[in-house]
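Please read the structure below before turning to the comments.
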Amino acid sequence: VDTGPEVAVRRAIHAQGLRYRKNLVVPLAGRSVRPDIVFTRARLAVFVDGCFWHGCPDHASSPKANQAFWAEKLRRNRARDLADRTALEAAGWKVLRVWEHEDPRDAVARIQTVFAAAQPPSPPPASPDPARSRKT
Ligand SMILES: [Zn+2]
């Protein structure tokens, strides 16, 4: 299901010319993880998380009714989030979490920072330099 915050972040990513996959299942040892946005070549997984469902530190709230039910449900969500991210990182992925309250432009800026850090240094020229190899 495409939620509002996810769509906003995807649009902002697209506007920056970055190419991503959505709803791609990443098979890992023992579990499959489905990040909201995946950059396969950069091995970067992005989760866009709802403040309520994933326990945002700024906006987490506890429903008044059925407190035990909700406490357990939200606890399980957070435990699964942590397990997913830990599994991804163990497999060499980088993981970014974007909260639904975050400005999508800030999210994209963080994504671009990861990209910049992940770029390998430019390779040496592929063809030998004739001036260098020439014996004098
Ligand atoms: Zn929040």
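The values are calculated or read from the model by the stated rules, or taken from the named source; none is laboratory data. Source: prediction; values computed, not measured. Note that we place each Cβ from the backbone using ideal geometry, even for glycine, and neighbour counts take in every protein chain shown.
The table for this structure:
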{"quantity": "Total residues in the stretch 94-117, condition more than 16 Å from the ligand (Cβ to nearest atom), in a helix (DSSP H, G or I) and either at positive phi or of a type in the set (A, V, I, L, M) (or both)", "calculated": "6"}
{"quantity": "Residue pairs meeting the criteria (Cβ under 7 Å; at least 6 apart or on separate chains; first under 26 Å from E102 (Cα atoms), in the stretch 56-74; second outside any loop (DSSP other than H, G, I, E, B) and among the basic types (K, R))", "calculated": "none"}
{"quantity": "Whichever residue in the stretch 2-35 is crowded, with 17+ Cβ neighbours inside 10 Å and within 16 Å of the ligand (Cβ to nearest atom) and, among such residues, is modelled with the lowest pLDDT", "calculated": "P5"}
{"quantity": "Hits in the stretch 77-93 - residues which are in a helix (DSSP H, G or I) and either touching a helix residue (DSSP H, G or I) at 6+ places or on another chain (Cβ under 9 Å) or farther than 27 Å from F115 by Cα (or both)", "calculated": "N77, A79"}
{"quantity": "Check on K94, surrounded by 10 or more Cβ atoms within 10 Å (Cβ to Cβ) and either of a type in the set (D, E, K, R) or modelled with pLDDT of 95 or more (or both)", "calculated": "yes"}
